[in-house]
Structures are given as structure tokens and as C-alpha cells.
Amino acid sequence: NAASHVEAQQAARLVQQRYVAAGYHHPGDGGQEPFQLRLPETTVLVAMQEGQVVGTVAGVRDGSLRLPADSLFPEELDTIRQQGHILAELCRFAASSTPPISVRLGLTTRLFQAAWEHLVRDGGATRMVAMVNPRHVRFYQRRFGFVVVAGPRNLPSVHGAPAVLMGVELADPVSPKP
């Protein structure tokens, strides 16, 4: 579901905790949050367990201020736009390390499906993109049908960690692969 203000704050803390654990942010630095996350084109979705946010993803609809991925992949995204696609981006994904991996996989699937449904239904998106660490490429390919569009390139907002631009067309409802 879409996050309330309190849930959005919990989601931001979860992202920060997980990004610190992965080495993308340093403790206490707060990280660099894309300005698009504060715009009306953005929806923060959360998964709750016992009153706490245990998973989150942000869905950003393309607009006049573009997408967070435009900071690293502007030419590639412009090419997709010129092909007539309406873009949306999934970003700021994080899941608590507390639940077992099987629970986290289900949580990831439900969050991504909710984001896709929202961005297609309310935003008219025809292509979803995401910047992911190269070590997660196979997961996105197998689980959600994403393909590599470009990369890797170093992403300053995560202390120069590499990012690959991935995308999936949304002509058909997206469903996770077994």
C-alpha cells in the first residue's frame, strides 16, 4: 500500500540501514536521496509486519523532471522515450534482513507487483526501468523478466557502486517467474 508520512519515514530508515549494510552509504551520512522522491509523481510502497516497515520500493512516473536513472543513463532513457514508451522507474528497494529469505522473496514480489500495477494503471507506464547492482542482474532477469539496457556505470549516490540499467516492457501484466 502507499505509505503514510510515518511509514515513508520508516521506509527511508530501512533503505538507509540496508544501504549502509551493503556499503552503499556510510553510517550517519543519510545518503543521497533523489529529488524525484519528493515529487507527486512518486509513490512509496511499503510492506508491513507487526506495525513495522519490513520492505519498501519507490515507483517514479516519468515527468518534466525525468527519472532518477536519468542522472546516469540519460541517452538510453531518451532513446526509449523516442520509441514512444511511457517510462516509470523502480528505485530505493529495501527489505529487512529479519525475515527468512523465502519471506523476503515473497515480499519483494508483492511490492514489485503493487508498484507495477500502480504505475501502469495510474501512470500509464509501458516500460519499467531500474538501476541495479550487477550482482543482482540475474535475479531481476529470472524473477521479473528484466533485460539489461546499459551499464555498468558508477553511481555517485551509492558511493560509486556500479549500476546497470535494466528494463521490462509492460504490455502484458508482469508476473514473477517461478
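The values are calculated or read from the model by the stated rules, or taken from the named source; none is laboratory data. What you see is a predicted model; the values in this text were computed from it and never measured. Cβ sites come from the backbone with ideal geometry, for glycine too, and all protein chains shown count toward neighbours. Areas reflect the complete protein model, heavy atoms only, side chains present, ligands, DNA and RNA absent. Shrake-Rupley method; radii C 1.70, N 1.55, O 1.52, S 1.80 Å.
Out of the DSSP beta bridges found with both residues in the chain, what percent are antiparallel (nearest 5)?
Counting only bridges with both partners in the chain, antiparallel ones make up about 85 percent.
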Over the chain, give the accessible area per residue in Å² for a 1.4 Å probe, as an integer.
51 Å²
With an 8 Å cut-off on Cα pairs and a minimum separation of 6 or more residues, tell me the relative contact order of the chain in percent.
21 percent
Could you look at the chain and say what percent of its accessible area is carbon and sulfur, using a 1.4 Å probe and all protein chains?
53 percent
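So if we plug the beta-carbon distance of SER102 and VAL148 into 1/(1 + (r/R0)^6) with R0 = 35 Å, what FRET efficiency do we get, rounded to 0.05? List each step's numbers first, then the result.
Numbers: r = 27 Å, r/R0 = 0.76.
Approximately 0.85, to the nearest 0.05.
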Which entry in (i) 205; (ii) 153; (iii) 112 matches volume of the Cα convex hull per residue in Å³ derived from the coordinates of this structure?
(iii)
A correct Kirkwood calculation over the Cα atoms of the range 33-93 returns a hydrodynamic radius in Å of 12.6 Å
Under 5 Å between amide hydrogens, which residues at least 5 positions from ALA47 or on another chain qualify, with H placed 1.01 Å from N in the peptide plane?
VAL54, GLY55, THR56
